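To keep things clear, I will list the structure first and then write my remarks on it.
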Amino acid sequence: MMTLVLGGEKSGKSDYALSLLAAAPRPHAFVATGRALDPAFAAQIALHKKNRPAGLALAETILELPETLVDLRPRYAAILADSLDFWLFSCLRAGVLGERAAALESVLAAWEGPELILAGAEAGLGPMASDAFTREFARALGALNQMAARRAGRAVLVVAGLPLTLKEPVRERAQ
């Protein structure tokens, strides 16, 4: 099962994604994609680390999210990757978005095995900046989220800490 958890900034999406991980089969792994670029973001990352369960296996990655997921797949029953938006930001800044997004789509298309939870921001849930880089980021994030939602069996939007189900697995009816 693959679940996509989306939400706006400080919507509660990471907490919700962690609750899904806690309910999943063990062992668990957490893939962190965020890198502190300023003191405020460093504080936010520190708070996220503090709120994670003790002993949770951690993999940190910047551009190599697809390879990290493939590497962790045989060793864990459930994996949470947080956040798709910061991973995309890093790929965009490095000028490798096209190849990295294609690699991630390939991994998600072939995903089998452990439960995979992908968390990230939803495009357009905030003010749109006037600079070209931010507009490019928003367009790329929208495309990435749509691709992940197509691949996911379940998709959830978290608003004000409340999960809203967008897509659920199709269940066969009993005869």
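Put simply, of Ala110, Ala132, Ala59 the only residue that is touching a Ser or Thr at 6+ places or on another chain (Cβ under 8 Å) and surrounded by fewer than 19 Cβ atoms within 10 Å (Cβ to Cβ) is Ala59. Taking the stretch 68-96 as the range and being among the charged types (D, E, K, R), in contact (Cβ under 8 Å) with a residue 24 or more places away in the chain and surrounded by 14 or more Cβ atoms within 10 Å (Cβ to Cβ) as the test, the residues that pass are Arg73, Asp82, Asp85. One residue stands out in the stretch 161-175 among those that are surrounded by fewer than 10 Cβ atoms within 10 Å (Cβ to Cβ) and modelled with pLDDT under 95: the one that is farthest from Gly120 (Cα to Cα), namely Gln175.
For Gly120, the requirement of being without any contact (Cβ under 8 Å) to a residue 40 or more places away in the chain and closer than 16 Å to Leu144 by Cα is not met.
Here the stretch 54-70 is the region considered, the condition is being touching a strand residue (DSSP E or B) at 6+ places or on another chain (Cβ under 8 Å) and not in a strand (DSSP E or B), and the residue that is nearest to Ala29 (Cα to Cα) is Leu56.
Looking at Arg151, is it basic (Lys, Arg) and over 19 Å from Thr3 (Cα atoms)? Against the criterion (basic (Lys, Arg) and over 19 Å from Thr3 (Cα atoms)), Arg151 does not qualify.
Answer yes or no: is there a residue in the stretch 144-152 that is among the aliphatic types (A, V, I, L, M), more than 29 Å from Asp38 (Cα to Cα), in contact with a helix residue (DSSP H, G or I) (Cβ under 6 Å, 6 or more places away or on another chain) and surrounded by 13 or more Cβ atoms within 10 Å (Cβ to Cβ). Checked the stretch 144-152: at least one residue is among the aliphatic types (A, V, I, L, M), more than 29 Å from Asp38 (Cα to Cα), in contact with a helix residue (DSSP H, G or I) (Cβ under 6 Å, 6 or more places away or on another chain) and surrounded by 13 or more Cβ atoms within 10 Å (Cβ to Cβ).
The values are calculated or read from the model by the stated rules, or taken from the named source; none is laboratory data. All of these numbers come straight from a predicted model, not from anything done at the bench. Methodologically, a virtual Cβ is constructed for each residue, glycine included, from the backbone with ideal geometry; neighbour enumeration extends over all protein chains shown.
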